Amino acid sequence: MRQLLPLLFLFFTSNAVSDQNDTLFMSAENLLTACTTADSDWISFCNGYLQAAHDLGAKQGLICAPIGTTRTDLSNVYDRAAIEIRKNPTMKREAGFQVALALFSTAYPCK
């Protein structure tokens, strides 16, 4: 997790969210709630959201997940960061997509 913090800092310091009342905004904390809710609709939402973050990062050369990586693997990467997301006020308010990109690029770096 210590290796992750500098990367996350870079993502967060340049892209602060100005209006947290936007009902379409999916914060890292809200995404974590969605991804840990035992409901098939929320699980499907989470899988699609995280897949989209992975795909964008892979297309940009930021994420190089090995062949065979599943959506469950992506979800597990995000879920393992739960403690850090919940205790860090800046991180939990950031865009879930941005946090997912940072987490995936750390978990699956391109060499």
Any lysines whose Cα falls less than 25 Å from that of Lys111, other than same-chain ones fewer than 8 residues away, would be Lys59
Any residue on another chain or 5+ positions along whose placed amide H is under 5 Å from the amide H of Ser27 is listed here as Gly96
Given unit charges at Cβ for Lys, Arg (+) and Asp, Glu (-), the dipole magnitude of region 27-107 about its Cα centre in debye, nearest 20, is 220 debye
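FYI, it's all coordinate maths here, none of it is from the lab. Keep in mind that what you see is a predicted model, and the values were worked out from it rather than measured. Don't worry about glycine lacking a Cβ; one is built from the backbone with ideal geometry, like all the others, and counts go over all protein chains shown.
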